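The values are calculated or read from the model by the stated rules, or taken from the named source; none is laboratory data. This structure is a prediction, so every number in the text was calculated from the model and none was measured. Neighbour counts are summed over all protein chains in view; Cβ atoms, including those assigned to glycine, are modelled from backbone coordinates with ideal geometry.
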Amino acid sequence: MLNTSLGRWLALSFAASSIASLASTAVAEDDPRDVSRLLPPTTLAYLEIPNPDSIAETILGHPIRARLESMPQYDQVAKSQQYAQAQVGLAMVEGLFGMPLREVVQNTTANGVVAIRDGATDGAAVILTAKDKESAKTVFEKAMQVASIEWFNGLEPVEYRGITAYKKRDVRVAIHEDRILITNNSDLGRFILDQMLEPSGESLHDDPAFQAAKQTQSNEADAWAYVILDPFRSKGKFEKLHRDVRRNPVAEALVGGLLSCLDETPYATAEVDLTTTGLGLQFVIPFVESAIPSEREYYFGPDHAGVGPAIPQQPQQLLSLSTYRDFSAMWLHSGDLFDERINDEFAKADATLTTIFSGHDFGEDILGSVEQESGLLPFAKNSPMDNLFRQSSCPRLRC
């Protein structure tokens, strides 16, 4: 049994969300049922999972599952007391619903989940949209029974504009038609319920930045997130990153240009695409040309139009990184990019390397001969490609 307040919050969230539908917002911009119409314009963070059952099916059907289940460690876990207790709890929930939990989820997750963090109220909320009103009602009533069992003191019913909700400490849970709302803030909960009952006034849907961000979401996304960056800047969250990068040339090469954008860009988005063959991650921030200092033009290329090489997928490839980096320009601008200690090391290295290369300047002549398009392809140990790279490796030079 969960004893802490966090545990109780998770218990209630699990009771409703593990059995309820998770809200799909992969809808047309003018769809009147777009969940973003229910959310306050002061929303700082937004997460949607269009089809949670698809994620579950991918994970449960993944080839690695059979390998994990064949391991001795898995057998030990399956024989543990904690696992047995979890199975008893699962049987209780399934008995309450009269069907396997997976089937309940399949029946009630036709339209996904949306979770948010609001700036005005400092509250969080989860909106679950069921397949239909009947599914939502069944899920809600049964979930409240599960929560009442976990919270032996019971839940306190409250009424708001004809909607019956339940509360326990800071947690509020309510249902309206085919949607279930879970929140930890009364003001935020009232705003969302008001929008459900009678949409009026501005909402997140009316925010031009949010609409622009939605254009980055692909139809294949298993999860998509949107975050406003102003709160991070106002709290100085990026300043430490800048200091760390000035002490680390590798970090500068990887994320230096992105940090310049983060100083001014309004938002960032992230997308996850999960398949049985891999995990796709995409991070997008709007490009702000005025935020890029001259010393970081090496990162984006002439007219900020540099692109990385196309890297074909290879067997047993762990990941691929395709980039454009003018390492010659980065070396020549090191005085503006790095701190005093790193620049002292660069000066020593430059003198040594110039001697090694028979007087040719390392930054201009040697690095200037290296193509700006570069890629990173790590492979599984002892794979055919791994063995090939162990035997032979050659940088790509301009001749």
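Can you tell me which condition residue 64 does not meet? The list is (1) closer than 29 Å to residue 222 by Cα; (2) of a type in the set (A, V, I, L, M, F, W, C); (3) not in a helix (DSSP H, G or I), and all the others hold.
(3)
Mind checking which residues of region 214-243 are in contact (Cβ under 8 Å) with a residue 60 or more places away in the chain and surrounded by 15 or more Cβ atoms within 10 Å (Cβ to Cβ)?
214, 216, 217, 221, 222, 223, 224, 225, 226, 227, 228
Suppose the filter is part of a helix (DSSP H, G or I) and either farther than 30 Å from residue 240 by Cβ or modelled with pLDDT under 75 (or both); does residue 345 pass it?
Judged against the criteria, residue 345 is not a match.
Looking only at residues that are touching a Phe, Trp or Tyr at 6+ places or on another chain (Cβ under 9 Å) and either among the small types (Gly, Ala, Ser) or in a loop (DSSP other than H, G, I, E, B) (or both) in region 279-304, which one is surrounded by the fewest Cβ atoms within 10 Å (Cβ to Cβ)?
Looking at the filtered set, the residue picked out is 287.
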